[in-house]
Amino acid sequence: MGKLCIVFSALTAALALGCNSGPSAVKAPPLDPAKLADGALAEYDKDGDGSLSKAEVKNSPFEVSRWDTNQDGKIDRDEIEQKFKNYEKAQAGVTMLMCTIVYGSQPLEGAEVVFEPDDFMKDYIETASGTTDANGVVSLGIPELVAKDPTLSGGIRNGLYRVKVTHPERKIGPKYNEETTLMYEVSPVDYNTQPIFRVR
């Protein structure tokens with residue numbers, strides 16, 4: 001199988017809570033930082049020590065470098081809760097996010113890209129999706145919001161996601177869809193990097 005490169009370009013411009021300047025205004029979803037922190041630990045804290053080690057977050061959307069504020073090499077409950085409090089303070093309804101899908105050395109047209117909230121976030125944010133164009137580029141959008149306002153086709157909630165990529169004609173391995181190992185955090189408070197994922 002050829003290589004699959006997934007290049008994410010995140011535009012950090014957000015539509016803020018309370019913005020009434022146009023039809024694209026959208027409110028930030030209500031979050032419960034304490035419950036989110038508990039949920040993250042319940043999902044990933046395998047040894048029950050109240051924190052997430054590098055090994056425990058290896059196959060998760062968490063990056064120790066972005067969440068470990070006291071730099072002790074792990075992510076504790078207070079750090080998770082504080083990060084989500086910072087999400088709330090940012091008051092961002094959606095963040096604009098574009099993805100480029102490249103299969104082998106060529107952009108992949110017609111790929112369906114789905115950003116599915118991690119399990120502990122599913123009660124707070126919606127799934128976002130989109131289909132790549134001839135350049136392999138897609139703007140992620142939330143179907144429920146787009147149905148109400150087509151200008152929101154490039155908006156995705158801030159949060160932690162599992163990324164799934166499928167194609168009607170190209171075979172893509174299960175670790176990129178049903179059993180995905182592709183993870184991404186859309187953050188209103190940190191710089192959204194441009195990760196590259198490869199598969200053979």
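The values are calculated or read from the model by the stated rules, or taken from the named source; none is laboratory data. Owing to the predicted nature of the structure, the values given are computational and were not obtained by experimental measurement. Note that we place each Cβ from the backbone using ideal geometry, even for glycine, and neighbour counts take in every protein chain shown.
Identify all residues within region 51-83 that are of a type in the set (D, E), surrounded by 12 or more Cβ atoms within 10 Å (Cβ to Cβ) and either more than 20 Å from the chain's Cα centre (by Cα) or closer than 23 Å to Y176 by Cβ (or both); write none if there are none. Before you say what the answer is, go through the steps one by one.
We begin by selecting, within region 51-83, every residue of a type in the set (D, E); these are 56, 63, 68, 72, 76, 78-79, 81.
Those left that are additionally surrounded by 12 or more Cβ atoms within 10 Å (Cβ to Cβ): 56, 63, 68, 76, 78-79, 81.
Matches in region 51-83: E56, E63, D76, D78.
From the list D123, D149, D118, the one residue that fits, being surrounded by fewer than 18 Cβ atoms within 10 Å (Cβ to Cβ) and closer than 21 Å to A42 by Cα, is D123.
Determine if region 81-91 includes at least one residue that is more than 16 Å from G159 (Cα to Cα) and either among the β-branched types (V, I, T) or at pLDDT 95 or above (or both).
Start the filter on region 81-91 by keeping residues that are more than 16 Å from G159 (Cα to Cα), which leaves none.
For region 81-91, residues more than 16 Å from G159 (Cα to Cα) and either among the β-branched types (V, I, T) or at pLDDT 95 or above (or both): absent.
Residues in region 178-190 that are touching a Phe, Trp or Tyr at 6+ places or on another chain (Cβ under 7 Å), part of a loop (DSSP other than H, G, I, E, B) and surrounded by 19 or more Cβ atoms within 10 Å (Cβ to Cβ) were compared, and the one that is modelled with the lowest pLDDT is L182. A single entry from S21, S51 fulfils the requirement of being over 26 Å from I101 (Cβ atoms) and at pLDDT 95 or above: S51.
Would you please name the residue that is nearest to the chain's Cα centre (by Cα), looking only at residues in region 92-108 that are polar (S, T, N, Q) and in a strand (DSSP E or B)? Once the filter is applied, the top-ranked residue is T95. In region 60-86, the residues that are farther than 14 Å from D49 by Cα and in contact (Cβ under 8 Å) with a residue 12 or more places away in the chain reach residues that are surrounded by fewer than 18 Cβ atoms within 10 Å (Cβ to Cβ) and among the β-branched types (V, I, T) with C-beta atoms within less than 6 angstrom, at least six apart or across chains, in these pairs: E79/T69; N86/V189.
For residues that are assigned to a loop (DSSP other than H, G, I, E, B) and modelled with pLDDT under 90, scanning just region 130-161, find the one that is farthest from N59 (Cα to Cα). Write out each step before concluding.
Here is the first cut: in region 130-161, the ones assigned to a loop (DSSP other than H, G, I, E, B) are 132-136, 140, 142, 149, 153-154, 157-158.
Right, trim to modelled with pLDDT under 90 and you get 132, 135-136, 140, 149, 153-154.
Values: T132: 26, N135: 29, G136: 26, L140: 23, D149: 35, S153: 29, G154: 27 Å.
Taking the candidates together, the pick is D149.
Considering K164, K89, K175, K83, the condition of being in contact with a Phe, Trp or Tyr (Cβ under 8 Å, 6 or more places away or on another chain) and assigned to a helix (DSSP H, G or I) is satisfied by K83 alone. T193 falls short of the stated requirement of being of a type in the set (V, I, T), in a helix (DSSP H, G or I), surrounded by fewer than 20 Cβ atoms within 10 Å (Cβ to Cβ) and at pLDDT below 85.
The numbered conditions (1) over 23 Å from E144 (Cα atoms); (2) touching a strand residue (DSSP E or B) at 6+ places or on another chain (Cβ under 8 Å); (3) surrounded by fewer than 17 Cβ atoms within 10 Å (Cβ to Cβ) are all true for G110 except (1).
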